[in-house]
Amino acid sequence: MLNNLKEQPKDKILGLMALYRADPRSTKLDLGVGVYKNDEGVTPVMRAVKAAERILVEEQTSKSYVGLAGDPAFAAVMSDLLLEKCVDRARMAAVATPGGTGAVRQAFELIKLANSDVRVFVSDPTWPNHVSILGYLGITVVNYRYFDTENRAVDFDGMMEDLADITAQDVILLHGCCHNPTGANLNLTQWQTLIDLINEKGCLPMIDIAYQGFGDGLDEDAAATRLVASSVPQLLIAASCSKNFGIYRERTGLLIAINENIGETSVTQGNMNHLNRQNFSFPPDHGARIVTKILTDDAMKADWIAELEEMRLDMLTLRQGLADELQRLSGSNRFGFIAEHRGMFSQIGTTPDKVEKLRVEHAIYMVGDGRLNIAGLNANSVRVLAEAIIEAGI
Ligand code: LMR
């Protein structure tokens with residue numbers, strides 16, 4: 001039986017992680033997978049996370065099962081963090097999931113249950129795993145233009161043109177902030193235009209938000225999600241705690257489904273619980289409990305916000321430093337977009353062979369589509385990268 005199995009296509013991001021680990025060069029630089037690293041190249045356990053874990057060790061009296069949807073307190077604190085009470089809680093169904101990927105997967109399964117012929121419109125480009133999971137589930141993917149590769153900003157006209165034939169049977173997948181992989185984001189005026197289109201067409205919006213607090217600030221990064229949530233009848237939100245709480249391996253995520261009418265919430269909730277049961281039964285609890293502890297304790301929450309802000313400002317400084325260094329070396333402002341983009345990533349506009357050249361000749365690892373993880377840099381490696389980019393003729 002097992003000899004019928006065929007090789008699966010390699011995941012671009014995870015394949016790169018493996019190559020990086022196997023590279024013996026001491027100067028190697030990992031700008032691949034989206035993980036925050038401090039100046040020493042370490043992905044730290046955040047102070048508030050450590051404090052919450054200590055309390056949990058002391059206080060927790062049982063590791064017995066929670067519910068299929070996870071701890072309701074986690075859903076409550078996370079929906080407040082994301083939505084700040086802009087939607088009546090009674091319209092919301094929510095389940096904890098194994099990470100943001102789990103929330104995305106459960107959302108896709110939910111829409112497939114609702115409409116087996118659903119088409120999901122995704123930005124071109126998007127996080128490769130969106131397309132991979134949709135393909136695995138046999139859901140039709142339709143690309144909409146998103147990124148203008150000339151000026152390295154959002155191609156909003158192209159996006160709106162490509163969404164013109166979306167219907168009430170379709171889903172539009174959006175990145176709440178810090179677009180992965182481009183780093184280019186819609187402004188709030190563009191979001192409003194998009195909301196008008198969503199309401200005119202009657203399609204279901206789904207927001208994947210994995211980087212709240214990494215772009216312009218915790219509230220600023222949630223502004224678009226809040227605007228959509230308060231303007232449309234139905235919405236799915238897949239949220240991740242991996243990056244902004246730095247609890248990657250704890251697999252902590254939440255799927256929220258906002259219903260049009262309060263009366264529909266319990267059926268939606270039942271379907272979401274059912275999907276959790278089919279896929280893994282009970283969602284992981286440890287990370288969710290850490291997040292709940294932090295967000296319900298004023299001192300821990302303030303410390304978490306302060307540390308997250310340090311990380312965000314660090315990424316902005318690195319962005320500016322890289323843009324400045326590239327301007328100095330190239331004598332042009334063609335890399336100015338790096339300082340304008342937000343979040344962990346920028347797509348720098350190059351070819352796979354030049355990305356490969358950077359890897360082979362300079363031990364610099366970035367995803368083949370030219371996606372660069374800004375948070376993998378530090379004050380010294382900014383110059384090394386800038387020189388290598390110019391040397392590679394990018
Ligand atoms: C990324 O895009 O690098 C992260 O979201 C990690 C992942 O799972 O791909």
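The values are calculated or read from the model by the stated rules, or taken from the named source; none is laboratory data. Predicted, not measured: the structure shown is a model, and the values here were computed from it. In this analysis, Cβ positions are derived from the backbone assuming ideal geometry, glycine residues included, and neighbour counts consider all displayed protein chains. Note: accessible area is taken over every heavy atom of the protein model, side chains too, but ligands, DNA and RNA are not part of it. Shrake-Rupley method; radii C 1.70, N 1.55, O 1.52, S 1.80 Å.
Taking the square root of 5 times each eigenvalue of the Cα gyration tensor, what semi-axes in Å does the equivalent ellipsoid of the stretch 156-217 have, largest first?
Numbers: eigenvalues 95, 31, 22 Å².
The answer is 22, 12, 10 Å, longest axis first.
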Cα radius of gyration and Dmax for the stretch 95-147 (Å): 11.2, 32
How large, in Å, is the chain by the Kirkwood hydrodynamic radius built from its alpha-carbon pairs? 21.8
Going by amide H atoms built from the backbone, whose H comes under 5 Å of the H on residue 378, apart from near neighbours? none
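Viscosity 0.890 mPa s, temperature 25 °C: Stokes-Einstein D of the stretch 65-296 from its Kirkwood Cα radius, in µm² per second?
The estimated diffusion coefficient comes to 140 µm²/s.
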Calculate the length of the line joining the C-alpha centroid of the stretch 283-301 to that of the stretch 1-75, in whole Å. 17
Accessible area in the full protein assembly, largest first, 1.4 Å probe, for 30, 157: 157, 30
Rg/Rg_globular for the stretch 298-394, with Rg_globular taken as 2.2 N^0.38 Å and Rg from C-alpha atoms: 1.18
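Hand me the trypsin sites (Lys or Arg not before Pro) from the stretch 1-90 located in a DSSP loop with no more than 12 other Cβ atoms within 10 Å, in residue order please.
On the way: sites: 6, 10, 12, 21, 25, 28, 37, 47, 50, 54, 63, 85, 89; in loops: 6, 10, 25, 28, 37, 63, 85.
Answer by residue number: 6, 10, 25, 63, 85.
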Using a 1.4 Å probe and counting only protein heavy atoms, arrange 68, 295, 113, 83 so the residue with the most accessible area comes first. 113, 68, 295, 83
Which order do you get for 313, 377 if you rank them by accessible area with a 1.4 Å probe, largest at the top? 313, 377
